[in-house]
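Structure record follows, encoded as structure tokens.
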Amino acid sequence: MKNLKKITLAFVFGIALIFFTGCDKDKVLPSSEIPEEISNYVSTHFPDNKIQQATKEKDDFVVTYDVLLEGNISLEFNRKKEIIEIDATTKLPDSVIPDKILQYVNTHYPDHFITDWELEDKHQQVGLNNDLDLEFSMKGEFIRIDD
């Protein structure tokens, strides 16, 4: 009876190990396998920054695409290949920032520029070159300074 319990426990542990390690996978994509939507986004908004590396990540059941561009710019796309995060050390192109958010930043922080943008659960966040993070609604309405 003890052997049956040990075998059952080992079997359950083995299956759990396979399940949890099998779900977390990163795959570096050759340029021929980068989804067209992502390539189009990069060529439209970052025409001077070539893709250095693209990775498809599977974490549990969530799929994301991480793209590193020349100039130390990183992009993250969701499983639908929609942009959800942009991080840079330089000014982001105006074309990647929703108009209302861009207007707010230009009005209230005219001496600063946006270096990061992120789409979170029910809001958007931008980071400025002065290390200030601003939170906005999905409609682009200012909510608060995030600390």
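The values are calculated or read from the model by the stated rules, or taken from the named source; none is laboratory data. It should be emphasised that the depicted structure is a prediction, and the values quoted were computed from it without experimental measurement. Here the Cβ is made from the backbone with ideal geometry for all residues, glycine too, and neighbour counts use every protein chain on show.
Considering only the stretch 82-103, how many residues are of a type in the set (D, E, K, R) and either closer than 13 Å to V42 by Cβ or touching a strand residue (DSSP E or B) at 6+ places or on another chain (Cβ under 6 Å) (or both)?
Final tally of qualifying residues: 2.
Only one of these is part of a strand (DSSP E or B), assigned by TED's automatic domain parsing to the domain that holds I145 and among the hydroxyl-bearing types (S, T, Y): T107, T64, T115. Name it.
Within the list T107, T64, T115, the selection yields T115.
From the residues in the stretch 58-107 that are among the acidic types (D, E) and within 11 Å of the chain's Cα centre (by Cα), which one is surrounded by the fewest Cβ atoms within 10 Å (Cβ to Cβ)?
E82
Would you be able to say whether some residue in the stretch 40-54 is in contact with a Lys or Arg (Cβ under 9 Å, 6 or more places away or on another chain) and not assigned by TED's automatic domain parsing to the domain that holds D121?
yes
Based on what the data block shows, is F20 among the aromatic types (F, W, Y) and either closer than 23 Å to I84 by Cβ or at pLDDT 95 or above (or both)?
Considered against the rule, which asks whether it is among the aromatic types (F, W, Y) and either closer than 23 Å to I84 by Cβ or at pLDDT 95 or above (or both), F20 comes out as no.
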